[in-house]
Amino acid sequence: MRDRSSSTYQRRWWILGLLAMSLLIIGLDNTILNVALPTLQREFDAAATELQWMVDAYILVFAGLLLTMGSLGDRFGRKRALQLGLIVFGASSLFAAYAESVEQLIAARAIMGVGGALIMPSTLSILIDVFPREERGRAISIWAGVAGMGIGLGPLTGGLLLENFWWGSIFLINIPIAVLALAGGLFVIPESRDPHPVRVDILGAVLSIAAITALVFAIIEAPARGWTDNLVLASFAAGGLLAIAFIIWEIKTEHPMLNLAFFRNLRFSAGAGAIAITFFAMFGMVFGLTQYLQFVQGYTALEAGVRLVPIALGVVIGAGNSHRLVAKLGTDRVVTLGLLLVTTVLASLAFWQPDTPYWVVGTTLFVLAIGMGNTMAPSTDAVMGAIPEANAGVASAMNDVTRQVAGALGVAVIGSAINTVYGRRMEDAVAGLPPEAAEAASDSIGMAARIAAMVPANAGGTLLDAARSAFTDALSLAVLISACAALAGAVLIARFMPRHHLADKSAAPEAVNPHPQDAGAVTSK
């Protein structure tokens, strides 16, 4: 138990506030760019693939570096990693805001991924250090709520900025938040690290970066190139082989970056799986919804952002109250019920039409987000509570890797399904257009809207109506994939996740500790 007279314990809620501020820019950046994609397409005359890489360059680098950055934070200091990440994130946001080409913007987004990989695991591992076990569930609920709130508020923030300023403002918003978090952290956040650091697992770091990068690259490229494209298949194969090599090395080496014995703990494994399923559904859904609201229902970027606010509210409410439900029902029941709620609500999206009233849309998003919040927070607590606190950085990074890889997979799979169904639904509608225009209109609803504005009014109206109906049909079918994934997750969680934390009197398996003599120890100052 933490010394309740220590200054760190007494200012723990202030520390959480600064960690939440640091985390907020990560959540915002995950979705703020989605609402600006139509604007950036016009500004840079960007192709669909270039737009995708504006989003995915960040995800690719972020996911690839998370495990390594979490391990380095454990060794060299989590506060140091957090503050370096804030500096990198702020500087690259400035670079992105004044990018003069697609290539510069994609490069800036990649550098932002480096900053994000330093920030996110540090916030959760510092939280584990400063909060005692009995308060950690509540603190993690707030942490998860802020993470989800940032994702939900991204479209609204982006819409407000685009309505009043130029496109670069969506990146400049990160800078004051980063500066405030950096300045406050200098005086409030304590340093912590693994009290028994081992030498850096360089080969493990290289293999993990290469494996995750190859896998995420394949996931990103599959919708555009096709899932059977040679490059995509080669990337999947390379990612799989590198992952096997990483596992073999981590088992063999005396000082692994990621102790694979952690996965023997069912709370760790089941919690990571539940997080992956939730973010698969969330990222895929937001990707489709931003286009549905703007291109199908005709809202501006700001109006679409406002209409996505129920996601932020629902996640905050769901995550914020989840620790109370866990105390009464147990982690397994709360996560299972959360995933069943997600399944039901996602399935209801299959009945949406191009003119579905907003009260239905808004209510659906709010209830869906409550289910996601009740899944994310308890699952995160399960992952972090299953391992020694000295390894909190690596555990936090593993938690974040599952989020990012599953999120990228969600966008890829849902995006691919939407594009496939949309293209087939548009075959008759584009039959009378010139070949290039027909191909473009069948490629995306955004291009169909641009072409509709260039042809005579009657023909343009017919084309746009067909595109709206085709996209709605595509979205309705695609979300069923997420619903099936959530249902499968609910079944697995109900079957395998232990009900209570290790500290409780339960049959949960014992956590694996590479330094049993120092269980729970961290070095703070």
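Details
- Contacts under 8 angstrom Cβ, first residue in the stretch 412-427 being without any contact (Cβ under 8 Å) to a residue 60 or more places away in the chain and farther than 14 Å from residue 228 by Cα, partner open to solvent by less than 30 Å² (accessible area, probe 1.4 Å) and among the aromatic types (Phe, Trp, Tyr), 6 or more apart: 422/471
- The single residue among 362, 393, 432 that is in a helix (DSSP H, G or I) and either at pLDDT below 80 or farther than 22 Å from residue 292 by Cα (or both) turns out to be 393.
- Set 8, 49: member being open to solvent by 50 Å² or more (accessible area, probe 1.4 Å), part of a helix (DSSP H, G or I), modelled with pLDDT under 80 and more than 21 Å from residue 117 (Cβ to Cβ): 49
- Residue check, residue 418 of a type in the set (A, V, I, L, M, F, W, C), within 22 Å of residue 63 (Cα to Cα) and modelled with pLDDT under 85: no
- Pair list, Cβ < 7 Å and 6+ apart or interchain, from the stretch 482-496 residues that are part of a helix (DSSP H, G or I) to residues that are hydroxyl-bearing (Ser, Thr, Tyr) and surrounded by fewer than 16 Cβ atoms within 10 Å (Cβ to Cβ): none
- Meets criteria (at pLDDT 80 or above and either touching a Pro at 6+ places or on another chain (Cβ under 8 Å) or over 25 Å from residue 351 (Cβ atoms) (or both)) for residue 472: yes
- Criterion (touching a Gly at 6+ places or on another chain (Cβ under 8 Å) and at pLDDT 80 or above) met by exactly one of 189, 170: 170
- The residues of the stretch 415-454 that are surrounded by fewer than 17 Cβ atoms within 10 Å (Cβ to Cβ) and aliphatic (A, V, I, L, M), listed by number, are 431, 453, 454.
The values are calculated or read from the model by the stated rules, or taken from the named source; none is laboratory data. All figures in this text were calculated on a predicted structure; none of them were measured in a lab. No Cβ is skipped: glycine too gets one built from the backbone with ideal geometry, and neighbour counts run over all protein chains shown. Accessible surface areas use protein heavy atoms only, side chains included; no ligands, DNA or RNA. Shrake-Rupley method; radii C 1.70, N 1.55, O 1.52, S 1.80 Å.
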